[in-house]
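Structure first, commentary second.
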Amino acid sequence: MNDAAMLWNVIAAFIIGLAYVSAFVFVGGLLLRLALYLKTPVPLKIVQTPGPKNVPGVFARLVGDVVIFPSLFKADKALWLGAWIFHVCLFFILLRHTRYFLYPVPGLVIDWQTLSVYAGFFFAVPALYLLWRRLAMSRVLYISGLPDYLTLILLIAIAATGMLMHYYARVYLVDVKAFTLGLITLAPVAPPQHPIFLAHFLLVCALLIWFPTSKLMHAGGIFFSPTRAQVDNVLYPRYVNPWNDEVQVD
Amino acid sequence: MTEKWTDFPATALTWEKRNDTLRIPVPELDEGIAAAVTCYPSKAKDMQAIALPTERVPDWQHRAIRKLQQLLERYRALRVYLDICVQCGACSDKCQFYLGTGDPNNMPVARANLLRKVYRYYHRPLEKILGGEAEAFNERVLHEWYTYFYQCSECRRCSVFCPYGIDTAEITMAAREIMAEIGVATKYVTEVVAKVYERGNNLGIPGPAWIDNCQFLEEELKNETGKDIRLPVDEVGAEVLLVMPSADNFANTDTMMAYAKLFYALGISWTTSTYCNEGGNFGLFLNYRNLKKVNKRILDAARALKVKRVIWGECGHAWRAGIYTNTLNGPMDFLDPPHPVHICQFTAEMIKRGALKIDKTANDDHIVTYHDPCNAARAGSLLEEPREMIRATCNKFVEMPANTIREKTFCCGAGGGLLTDELMPVRMAGGKPRAEACRSTGATYLATPCAICKAQLPEVMKHWKVNVKVGGVHDLLSRALIL
């Protein structure tokens, strides 16, 4: 075996190792975080009123919040449009990527293939808008920190490398699929020797590791937001705070 | 600060109404412009009376960090909200204190970041490494907290516009609880809580003076109506214990007399209590222990007087704390359901049942508009009942612009323990949105069921030259009620 091949074997092993580590950090970190939210009590009923009067109502409010961002619509129409398109694009991109991990590929994914490719291409528009407003609007600039920029830049870089592979430096899909299916069947094989694919993949690993310890937790955290995920029935029945008795008053 | 001050430049912006929307001018950032407006620090005797350290404890940094840890374990809202804010800025132009001052730390997200950066420092290593703003809990941070967490009225307006419902009030409450733990609190809030323990009410009115006031109001009612309308005190066995803001017996006496007329007309026996003649709960602005302890007095009084129901009077904070009574000191099953009850719910129900005779023309001299107290609307589900009451008692009712009422209501600018003179510049700036919304209606009477609003809004309206009388919702009923 020559030096180059040896080096490639090391790199491949590193990438495979990183893939497992980042998947583990993502899934484990996400579940731990959500479990922590679930475990933490809600001492007082702080539902934002007027709110839904029953559980199906709360469910509907949360689904609405996740799918169409009504509060953001009330707050800022331009931001709402940008953020909504941003998330819809993300949805289609993620949907399309299931083809690399599922065999056979579900019909829906194939049917929406073209739409999903457009979503990937168009993703740049809302993403750059969100980045632009961080820099151009003084109030948003004031609150933006390095992680806010890095998260957006990371997503933009992932999308850019993805689109490069689709339109320009095409990667041999059979190799990609062999690699990804190898990963999920715990029989890993070396990734394709394609620099843009490798960059794309490493950036995704970084995103997965970043996810549970960052603001990206808004994705699961919203279901644990007490102002939204509670029934507006504070008066009846009696709501119990599990640690109320620990606070002694004479 | 209380003598003379120059208004914040932000308040010079032009407001106008188009269709049913108040166009809200958003000021440019003016960093630190409100930094000099801070509350007077607490006095040792008050701190002692409410079981807090009389001065800043020696190991304050350590204790504050430990308290933060405890609160993170106790409050899901705090944990989740510190984590998930994406810093989108949707809330940044929604707070009346930012709109009024232009100080960026009064943007809800930036206010929360004052705590979030400390959380990040001790609890979020990766974000810290990647350059997220992180700072140890130090003297400078404590000063920022003391300033800006006492320029927040905990009104929750930001949470309505947040895509995740992040409630800055929860963050503010946590920061204040941490500060209280290390002996840092404001004179106004601690004094009020101490007065409740000493005298039974926020204003510190002694029992005999309370009884005197009630007798005086009975005479007033006699002169006005010719009838013997009573304001009973400490009457064991009455049906209803009324816990109103003590200000009703002292400043907002029209509201107090309105309660008396209401119960008289209905033939329901009622009483106030000199042990607990206060609905307002300033423990809410300080820490859980005092919230619970102040609240407990209500049920203790109810038991002692053997009443069947407790009804909360026209007070926003009272109601926000009142709805927690069952959780804090319940169960309330020794009382008749439903409980707790707000006086507006009670009266609206009585009007619906046709139990009251009303002459609406008695209020024809006023164009009436309604200010939703932040606590009533966004925390207490009290949106329809006051409006039903006004529609039933007035012919001329106009709403303020749609983006300033109901769950989008602007705080009066003095809730959350800010109704103190040294904060006057911030209070007037924070009251500007409400003043402009009111101006746009041409109303001559601004009705609101909250003692804090009733104390703050006349000053605000005078300051911004809006010619309107501020009063209670029951005051309108009082004028229209046929006895």
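The values are calculated or read from the model by the stated rules, or taken from the named source; none is laboratory data. Please read all numbers here as calculations on a predicted model, not as lab measurements. Cβ placement follows ideal geometry from the backbone for every residue including glycine, while neighbour counts extend to all protein chains displayed.
Which of the residues belonging to region B:298-311 are part of a helix (DSSP H, G or I) and touching a Gly at 6+ places or on another chain (Cβ under 7 Å)?
none
With the condition kept exactly as written, say whether any residue in region B:324-339 is within 11 Å of chain A (Cβ to nearest Cβ) and β-branched (Val, Ile, Thr).
Within region B:324-339 (the criterion being within 11 Å of chain A (Cβ to nearest Cβ) and β-branched (Val, Ile, Thr)), the answer is yes, since at least one residue qualifies.
Would you be able to say whether some residue in region A:158-165 is crowded, with 18+ Cβ neighbours inside 10 Å, within 22 Å of the chain's Cα centre (by Cα), modelled with pLDDT of 95 or more and within 22 Å of residue A:29 (Cβ to Cβ)?
Yes, region A:158-165 contains at least one residue that is crowded, with 18+ Cβ neighbours inside 10 Å, within 22 Å of the chain's Cα centre (by Cα), modelled with pLDDT of 95 or more and within 22 Å of residue A:29 (Cβ to Cβ).
Determine which single condition residue B:45 fails, assuming it passes every other condition in (1) more than 12 Å from chain A (Cβ to nearest Cβ); (2) crowded, with 18+ Cβ neighbours inside 10 Å; (3) assigned to a helix (DSSP H, G or I).
(2)
Looking only at residues in region B:306-330 that are surrounded by fewer than 21 Cβ atoms within 10 Å (Cβ to Cβ) and either modelled with pLDDT of 95 or more or of a type in the set (Ser, Thr, Tyr) (or both), which one is farthest from the chain's Cα centre (by Cα)?
Per the criteria, the residue is B:306.
Looking at this structure, is residue A:141 out of contact with any Cys (no Cβ under 9 Å at 6 or more places or on another chain), surrounded by 15 or more Cβ atoms within 10 Å (Cβ to Cβ), modelled with pLDDT of 95 or more and hydrophobic (A, V, I, L, M, F, W, C)?
No: the conditions fail for residue A:141.
With region B:61-168 as the region, which helices (runs of 4 or more DSSP H) entirely inside it contain at least 3 residues that are surrounded by fewer than 19 Cβ atoms within 10 Å (Cβ to Cβ) and more than 10 Å from every other protein chain (Cβ to nearest Cβ)?
Working: elements: B:76-84, B:96-101, B:108-123, B:125-129, B:139-148, B:157-161.
The qualifying helices (runs of 4 or more DSSP H) are B:139-148.
Examine region B:464-471 for a residue that is part of a helix (DSSP H, G or I) and closer than 18 Å to residue B:387 by Cβ, and state whether such a residue exists.
no
Taking the stated definitions as given, is residue B:385 touching a Ser or Thr at 6+ places or on another chain (Cβ under 9 Å), farther than 22 Å from residue B:99 by Cα, in a helix (DSSP H, G or I) and within 14 Å of another protein chain (Cβ to nearest Cβ)?
yes
Could you give me the residue pairs with C-beta distances under 9 Å whose first residue belongs to region A:225-250 and is in contact (Cβ under 8 Å) with a residue 24 or more places away in the chain and within 8 Å of chain B (Cβ to nearest Cβ), whose second residue is of a type in the set (Phe, Trp, Tyr) and assigned to a loop (DSSP other than H, G, I, E, B) wherever it lies, and which are 6+ apart or on separate chains?
A:226/B:75; A:227/B:164; A:228/B:164; A:234/B:324; A:239/B:324; A:241/B:324
Consider residue B:333 against the criteria (1) of a type in the set (Asp, Glu); (2) surrounded by 22 or more Cβ atoms within 10 Å (Cβ to Cβ); (3) free of Cβ contacts under 8 Å to residues at least 24 places away in the same chain: it satisfies all of them except one. Which criterion is unmet?
(2)
With the condition kept exactly as written, say whether any residue in region B:350-369 is within 14 Å of chain A (Cβ to nearest Cβ) and either touching a Gly at 6+ places or on another chain (Cβ under 6 Å) or not aromatic (Phe, Trp, Tyr) (or both).
No.
Going residue by residue through region A:174-188, is there one that turns out to be within 30 Å of residue A:103 (Cβ to Cβ), touching a residue at least 60 places away in the same chain (Cβ under 8 Å) and either among the charged types (D, E, K, R) or facing another protein chain (nearest Cβ under 9 Å) (or both)? Steps first, answer last, please.
Keep residues of region A:174-188 that are within 30 Å of residue A:103 (Cβ to Cβ), which gives A:174-188.
Okay, now just the ones that are also touching a residue at least 60 places away in the same chain (Cβ under 8 Å), so A:176-177, A:180-181, A:183-184, A:188.
From what is left, the residues that are either among the charged types (D, E, K, R) or facing another protein chain (nearest Cβ under 9 Å) (or both) are A:177.
Checking region A:174-188: at least one residue is within 30 Å of residue A:103 (Cβ to Cβ), touching a residue at least 60 places away in the same chain (Cβ under 8 Å) and either among the charged types (D, E, K, R) or facing another protein chain (nearest Cβ under 9 Å) (or both).
Identify the residue in region B:230-280 that is assigned to a loop (DSSP other than H, G, I, E, B), touching an Asp or Glu at 6+ places or on another chain (Cβ under 8 Å) and without any contact (Cβ under 8 Å) to a residue 60 or more places away in the chain and, among all such residues, is surrounded by the fewest Cβ atoms within 10 Å (Cβ to Cβ).
Restricting to residues being assigned to a loop (DSSP other than H, G, I, E, B), touching an Asp or Glu at 6+ places or on another chain (Cβ under 8 Å) and without any contact (Cβ under 8 Å) to a residue 60 or more places away in the chain, the top hit is B:269.
Can you name every residue in region B:211-262 that is closer than 19 Å to residue B:300 by Cβ and out of contact with any Phe, Trp or Tyr (no Cβ under 9 Å at 6 or more places or on another chain)?
B:236, B:237, B:245
In the set B:412, B:394, B:344, B:374, which member is within 14 Å of another protein chain (Cβ to nearest Cβ) and closer than 22 Å to residue B:17 by Cβ?
Answer to the check: B:374.
Give the residues of region A:89-104 that are surrounded by 15 or more Cβ atoms within 10 Å (Cβ to Cβ) and touching a helix residue (DSSP H, G or I) at 6+ places or on another chain (Cβ under 7 Å), sorted by residue number. Please lay out each step first, then the result.
Taking region A:89-104 as the starting set, the residues that turn out to be surrounded by 15 or more Cβ atoms within 10 Å (Cβ to Cβ) are A:89-90, A:92-93, A:95-97, A:99-100.
Those that are surrounded by 15 or more Cβ atoms within 10 Å (Cβ to Cβ) and touching a helix residue (DSSP H, G or I) at 6+ places or on another chain (Cβ under 7 Å): A:89, A:92, A:93, A:95, A:96, A:99, A:100.
Look through region A:199-236, keep the residues that are of a type in the set (Phe, Trp, Tyr) and modelled with pLDDT of 95 or more, and return whichever of them is farthest from residue A:40 (Cα to Cα).
The residue in question is A:201.
Can you pull out every residue in region A:215-229 that is closer than 20 Å to residue B:170 by Cα and either surrounded by 19 or more Cβ atoms within 10 Å (Cβ to Cβ) or more than 11 Å from the chain's Cα centre (by Cα) (or both)?
Selection gives A:215, A:217, A:221, A:222, A:223, A:224, A:225, A:226, A:227, A:228, A:229.
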